[in-house]
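Have a look at the structure below before the remarks.
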Amino acid sequence: MRHLHTRTTRKARRRAVGALAAALLCTAGLAAPTAAAAPVAPTPDDGLARTPPMGFNNWNSTHCRAEFDEAMVKGIADIFVDKGLKDAGYEYVNLDDCWALPSRDANGQLVPDPVRFPGGIKALADYVHAKGLKLGIYTSAGTKTCNSAGFPGALGHEYSDAQQFADWGVDYLKYDNCNNQGVDARLRYTTMRDALRAASRKTGRPIVYSICEWGENKPWEWASDVGHLWRTTGDISDNWGSMLSILKRNLPLAPYAGPGHWNDPDMLEVGNGGMTDTEYRSHFSMWAIMAAPLLIGSDLRSASEETFEILGNREVIAVDQDPLGRQGTVISSEGGRWVVAKEMRDGSRAVALFNESGTARRITTTAAAVGLPAADGYTLRDLWQHRSLNTAGTISATVPAHGTVLLRAWADPKWAQHPPAVELDLEGSPMVEAGRTTTLTSTVTDLGRTTARRVSVTLTGPEGWTVRATSPTTSPALPTGGTLRTKWAVTAPQGTPTGSYDVVLRATHHSPSGARVDSTLPLTASVVAPPPSETSRLGDLPWLSAANGWGPVERDTSNGESAAGDGRPITVGGVVYDDGLGVHAQSTVEYYTGGACETVTADVGVDDEEEVGGTVTFEIWTDDTRAASTGLLTNAMSARPITADVTGAQVVRLVVTDGGDGIDSDHGDWAGARVSC
């Protein structure tokens, strides 16, 4: 049975789509377009979606459950107003699948579910409109929608359904791809475009048109005069691996985005609980710099204040909503250190320093590299810290694991009004064996055009730890490029359990005018078990971290389904293995080897539980160096051996990528994985 990580990941969805989906879902490769690539057709000249649509869709938080009803939708509209989200730019309150009855009426009309929506869709639209907001609705470009209950789709009913939506006061249509009977995608989606235009002419009701065919037929190449936005990927899931995979597929498509025609990497998962707040800030930051639609996917009635803070950050939203309409482009991505820059209408650049890895990393670029002109100095605006600093031209930060520093930079004749920017770093990744002292070195570097004065630094660890400076912690002045280096002796008490612990590096400096700037770098120290002294099974050893694209990493079984412990015996090419790791792309498992190990070996491949599909690449990394790679493997291949020399490495990473075509069915096995120390 396949995992179709597309419209939904439910088994019910797989039954509904059946064999047709097996041929369609996630099969199109996503070769990066060249810099000269451009849409082949003009944008619809209707004035709609001149910036990426912003709003809400219930699917990610409720799916088809009973809590998706009229009261929920009205409650979201109320919250948009009460919490300031409407004023921040959120506009559309959208219904997803399951709003209708399973059958049309005697006149062939769609019928809202009277239990979920007793007042009907027209009354709901009136309520939403009275709040100064707009209502969206969902159907599929097939005979049925994507839910297994089989709600009516619009194939063959495009004109009557579009007229019904317009009569109800609908402002936005999400048009899915299930049960499409093999009808050509361009024909299906163009027919609904024409139907929506005809309905709009009759009613005066303009409707934003969201094409949701999962990127199967590369809609970015043909749909710019059909819809206002188009999905570039399968469905997002509320985990780091899924978000990362979708991000990587959407980033190369920047040349196709612009006012009225947007790449859509799917809805936001911010606040649904499957990622950390740091990861959600990265999710929101990267969607903003990609000029992606910002459709909230969490139930705001129970959202945390941190969720509202992320979703309501107007400086980040302004990056997404910039009227120039550029999607950010990749400047560099070496070793998972991403620099993505976006040209803004006022000539500034939004710059995302995005850390894909599971440990803090220094990410650096320059004003020139992101497209800014030569200047005496630049202003850097930190969009999460909400403060402005000056730089001589370096744009750099140590970014926490899975974190993003989002900046706005511009050549500014008034740069001297701001204090100098400084960069904090803790060299190396803090690995501490309980009861043994580890030496770490912090740095505070002046990136500014002006001198940083009265610089001081502190490092604090968890309660009970000993953290002692063994070199100076202050400097009277740091000129441009100057660095204060401080050595620290760090000891976790004997008996401290292995795991991750918070460590915070703080610095204070002053501008020449006396303005004080406090900087904080939250980090993670790992208390680690000593590396083994012999050949050991990796499935038996504790890992530093494990990220997986679907469900948890499993020990000695396949990945299985989405729950822990639901895997099967590891089997590749008909051969069953007693031990190893079962993972799912995108996946990274990190082990501490402390410079004491020599070799990692395994037999690797796509697990046989995936009867069709599955394309992956296995890689072994030593610290920041890729030491071995298998190249592309498919489910039709038997297991392949992989061996890496890991001599001297502090950390070994086992990485499985998605083969470049999304994460559908990408169940990978590190069978018989061993480390020799």
- Query: Can you list the aspartates and glutamates whose alpha carbon sits under 15 Å from that of K122, skipping same-chain ones fewer than 8 residues off?
  - Reply: D69, E70, D113, D161, D167, D171
- Message: Counting just the Cα atoms, what span does the range 536-676 cover along each of its three principal axes? Round to the nearest Å and put the largest first.
- Response: 40, 28, 24
- Message: Could you tell me the calculated FRET efficiency between Y159 and E67, based on Cβ-Cβ distance and R0 = 41 angstrom, to the nearest 0.05?
- Response: 0.80
- For an R0 of 22 angstrom, estimate the FRET efficiency from the Cβ-Cβ distance between K202 and N107 and round to the nearest 0.05. 0.80
- Long-range amide H partners of L632, meaning residues 5 or more apart or on another chain whose placed amide H is closer than 5 Å, are none
- When DSSP beta bridges are limited to those with both residues in the chain, what percentage is antiparallel, rounded to the nearest 5? 85
- Restricting attention to the alpha-carbon atoms of the range 105-235, what are Rg (one decimal) and Dmax (integer), both in Å? 14.4, 41
- Note down, for the range 370-500, the three equivalent ellipsoid semi-axes (square root of 5 times each alpha carbon gyration tensor eigenvalue), biggest first, whole angstrom. 34, 17, 11
- Along the charge dipole of the chain, Cβ charges K/R +1 and D/E -1, which of L389, T307, Y256 sits furthest on the positive end? L389
- Helix-derived [θ] at 222 nm for the chain: sum -39500 (n - 2.57) over DSSP H runs of at least 4, divide by residue count, nearest 500? -5000 deg cm²/dmol
- Query: Where in the range 589-637 are there chymotrypsin sites (Phe, Trp or Tyr not before Pro) that are in a DSSP coil and have at most 11 other Cβ atoms within 10 angstrom of their Cβ?
  - Reply: none
- Query: Measuring from label point to label point, each 7 Å out along Cα→Cβ, what is the A563 to V81 span in nm?
  - Reply: 4.3
- If you count, for each residue, the other Cβ atoms within 10 Å and average over each peptide, how do 202-215, 527-540, 357-370 line up from highest to lowest? 202-215, 357-370, 527-540
- Message: Need one number: nm distance between label points at D194 and R50, each 7 Å from Cα along Cα→Cβ, rounded to one decimal.
- Response: 2.9
- Item | For peptides 622-633, 596-607, sequence by mean Cβ density within 10 Å, most packed first | 596-607, 622-633
- Note on the structure: re the chain: pairs of Cα atoms spaced beyond 37 Å account for a percent value of 41
- Fully extended contour minus Cα-Cα distance, from Q181 to D540, at 0.36 nm per residue: 124.4 nm
- Item | Subset of K74/K134; K144/K202; K74/K131 violating a 20 Å alpha-carbon distance limit | K144/K202
- Please give the length that would be gained between E221 and R454 if that part of the chain were fully extended, namely 0.36 nm times their separation in residues minus their C-alpha to C-alpha distance (nm, one decimal). 78.3 nm
- Note on the structure: Per the Cα gyration tensor, the range 306-417 corresponds to an equivalent ellipsoid with semi-axes, largest first in Å, of 20, 17, 14
- Work out the FRET efficiency for T520 and A489 from their Cβ-Cβ distance, taking R0 = 30 Å, and round it to the nearest 0.05. 0.90
- Just the number, please: percent antiparallel of the DSSP beta bridges in the range 111-262, rounded to the nearest 5. 15
- According to a simple spin-label model (label point 7 Å from Cα along Cα-to-Cβ), what is the distance in nm between V330 and A123? 5.1
- Item | Full-extension gain in nm, A318 to E305, via 0.36 nm per residue minus C-alpha separation | 2.6 nm
- Message: Using a 7 Å offset from Cα along Cα-Cβ at A469, what residues in the range 486-527 end up with backbone N under 19 Å from the label point?
- Response: 486-491, 503-511, 516-523
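Computed from the coordinates by the stated procedures, all read-outs in this text should not be read as laboratory data. Please read these numbers as outputs of a predicted model, since none were measured by experiment. Cβ sites come from the backbone with ideal geometry, for glycine too, and all protein chains shown count toward neighbours.
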